Each structure stands twice: as C-alpha cells, then as structure tokens.
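Here is the structure we will look at.
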Amino acid sequence: MIPEEVKQFIGRTDPPIIRHVENGSVRRYAEAVGNDNPLHYDEEYARNTKYGGIVAQPGFWGWPTKTPSSSTGLAEIVGELQAALARGGFPRILDGGISYDFFLPVRAGDIIVTSPKVTGLSEKEGKSGSMIICNFETSYVNQNGDLVAKSYQTFIAR
C-alpha cells in the first residue's frame, strides 16, 4: 500500500528551474560526450545549416542559474519524495529510466525553464517484496514560451 504521505505528491509540480544555454557550454558538453558534430561548436558551419546557428545536442539544457532551493539544479520534489518514501518503508531508490520527446532545437543563447511534475505512483509486487513506481514528467520551455522538449522519468522505490 502506498503511504498517504507519498500519495500527496501526485500532481505536484516543482517551482521552475531556470537554465542558460551558453555557446561555450554547448561546445564543452559536446566535447565531453565525444560528439564532434560541428553543428555544436563551429559558428560558420552551423550558420549555413537549416538551424542558422549553433544548437545544443539533444538532452543538453544549459546550466541552472536559478533553482528553488538546490544549488545542484535537481528537482526539489525528488528529494522530498525520496524522504517520504524512506519514512514509509521504501528507503532504496533505483533509476527506472528516462525518455524524451524533442520538439524544437535548443540554441546557444536560449533560456530554458524546466518544471518537474509527479504524474503517477503505483505499487507493484516483486519477488523480494513491494515496490513503488514513481513517474515524473518535465517540460522544457524556452524564453519565447515554446515547448522544446518533455521528459518522462521513472524511479523505483523498494
């Protein structure tokens, strides 16, 4: 049975996290993951593509510059939910995966606002006991109000 304290998280949205996408950070991220596509670092090359300038590779949202109460840029709600799960007898958390829907490219100079939301909780019975499946959805919106992506993430608490 899902503890009442945990059920209260369903539908809750975190305060927005603001991220700035800088030209240099787009390049450094691409280098760090071994992506040598000039679309992520060569302004002249990128200007002559359909994008008209440097774009970030999918999944790079820039660096957080304003977060609710965390300097890490992670959602506040995740920590609070983990604490409630632990108090309810589910202290271990396993990352169940993440998927993305991409709608628009993220460009150097963009300001991306993310808003994580708890979309669902369900209980499953496994070989070694009960577990709670926690589902999150995060919207990524640029400074123009355009939805650039959505992510769907799952945590498993045991």
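A compact table of results
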read-out: Protection proxy ranking of 18-30, 137-149, 117-129 - average other beta-carbon atoms within 10 Å, highest first; value: 18-30, 137-149, 117-129
read-out: Efficiency of FRET from Cβ geometry, Asn48 and Asn144, R₀ 22 Å, rounded to 0.05; value: 0.40
read-out: Cα-based helix-to-principal-axis angle, 76-87 vs the chain, degrees rounded to 10; value: 20
read-out: Within a Gaussian network of the chain (alpha carbon springs, distance under 10 Å), most fluctuating of Pro116, Pro38, Pro105; value: Pro38
read-out: Phi-based couplings in Hz for region 24-32 (Karplus 6.51, -1.76, 1.60; Gly and Pro marked x); value: x, 6, 4, 5, 4, 5, 4, 4, 5
read-out: Reach of Lys150 by Cα under 24 Å, taken over lysines that are not fewer than 8 positions away in the same chain; value: Lys7, Lys50, Lys66, Lys117
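No lab work stands behind these numbers, since they all come straight from the coordinates. Remember, predicted model here, so these are calculated numbers, not experimental data. Positions of Cβ are backbone-derived with ideal geometry, glycine not excepted, and every protein chain shown enters the neighbour counts.
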